[in-house]
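Report on the structure given below.
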Amino acid sequence: MNPTSYSGLAMNDQPAANTVQRIHDALRQRIITLDLPPGTVLSRTELTEEYGVSQTPLREALQKLAHDGLVTIRPQSKTIVSRIDTEQLREAHFLRVALETEVSRRLAEDLPEGTIARLRSIIRMQQAVGDDPSQYRIFQELDELFHQTLFIAAGQPDLHRLVRERAGHMERVRQLHLPHPGKISDILERHTAIVDRIEAQDAPGAMDAARSHLSRTVLQVEALREKHPDYFT
C-alpha cells in the first residue's frame with residue numbers, strides 16, 4: 001500500500017470511528033438517565049433513522065454498549081436495554097472506591113496548583129443548580145466533572161475513563177436515588193469534605209471522605225430495588 005492510499009484509509013476511518021462514538025455516547029446518556037429505561041427494546045431501524053447513520057456504525061455502537069453492560073444483544077432477534085445488575089454494580093463500586101481513595105491520598109500529598117480552585121468552582125456551580133429538579137442532569141454532569149478533575153489532577157485520566165466504562169449500572173441507581181430528599185445537599189457536603197481534607201494535606205482524612213461519599217448510594221440499592229423491581233435483575 002502506498003503512502004497516499006494509507007493516508008486516505010486513515011482519513012476515512014476517523015469519521016467512522018467518530019460516528020460510532022457519537023452514537024454510543026448519545027445512547028449511553030439516554031440509558032443512564034433512564035430516558036431509555038431497563039427492558040426497552042431498541043429498534044435498529046428506528047435508531048439508524050434517528051441518528052442518520054447506516055447499520056454498521058450503529059451495530060458497533062451497540063456492541064460497545066453491550067461491553068459496558070448496558071444493553072443485551074440477541075442475534076437475529078432484538079437489542080434490549082439491560083436491567084441493573086447489582087453484582088456488576090458492586091464490582092464497579094469496589095473499583096471506583098479503590099482508585100478514587102488513592103487519587104485523594106495522592107492529591108493530599110502532592111497537590112497541583114489550581115486544583116482546589118477548580119474543584120470549589122465546580123461545587124459552586126452544583127450549588128447553583130441543585131435546588132432545581134429540572135437541572136438534575138446538569139447537576140450530574142457537574143458531579144462527574146468533579147470526579148474527573150480529581151483523576152486528571154492526579155495524572156490518571158485513563159483510570160477515570162475506566163471507571164466511567166464500568167459505571168453504567170451505578171449511574172442508573174444514582175439517577176433513581178438523586179431525587180430523594182437530602183441527596184443533593186449530602187453530595188455537596190461530601191464533595192466539600194473531600195476538597196477540605198485534600199487542601200489540609202490530610203491524606204487519611206481525604207481517603208475517608210472519598211470512601212464515605214462513594215458509598216452512600218450503594219447502601220440504598222436494596223431499597224431502590226424494592227421500589228423499582230422491574231429495573232433490576
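Kindly report, to the nearest 10 Å², the accessible surface of E49 as traced by a 1.4 Å probe over protein heavy atoms only.
Its accessible surface works out to 140 Å², give or take rounding.
Sort T192, T233 by heavy-atom solvent-accessible area, probe 1.4 angstrom, most to least.
So the residues, ranked largest to smallest area, are T233, T192.
Work out the charge dipole of the chain with +1 on the Cβ of Lys and Arg and -1 on the Cβ of Asp and Glu about the Cα centre, then indicate which of Q21, V97, A108 is farthest towards its positive end.
Result: Q21.
Leaving ligands, DNA and RNA out of it, work out the accessible area of H24 with a 1.4 Å probe and give it in Å² to the nearest 10.
20 Å²
With each pseudo-label sitting 7 Å past Cα toward Cβ, what's the E113-Q201 distance in nm, one decimal?
Going from the E113 label point to the Q201 one covers 1.7 nm.
Top mean-square fluctuation among D158, D202, D143, Gaussian network model of the chain, C-alpha springs under 10 Å?
D158
Accessible area of H93, 1.4 Å probe, to the nearest 10 Å²?
We get 40 Å² for H93.
Hey, can you find the accessible area per residue of the chain for me, probe 1.4 Å, expressed in square angstrom?
That works out to 53 Å² for each residue.
Please state the shape class of the chain: rounded when a/c is under 1.5, otherwise prolate if a/b exceeds b/c and oblate if not, all from the C-alpha gyration tensor.
Because a/c hits 1.5 or more and a/b fails to exceed b/c, the chain counts as oblate.
Ignoring ligands, DNA and RNA, what percent of the accessible area of the chain is carbon or sulfur (1.4 Å)?
The C+S portion of the solvent-accessible surface of the chain is 51 percent.
The values are calculated or read from the model by the stated rules, or taken from the named source; none is laboratory data. In this text, all values refer to a predicted model and were calculated from it rather than measured experimentally. Note that we place each Cβ from the backbone using ideal geometry, even for glycine, and neighbour counts take in every protein chain shown. All accessible areas refer to the heavy atoms of the entire protein, side chains included, with ligands and DNA or RNA removed. Shrake-Rupley method; radii C 1.70, N 1.55, O 1.52, S 1.80 Å.
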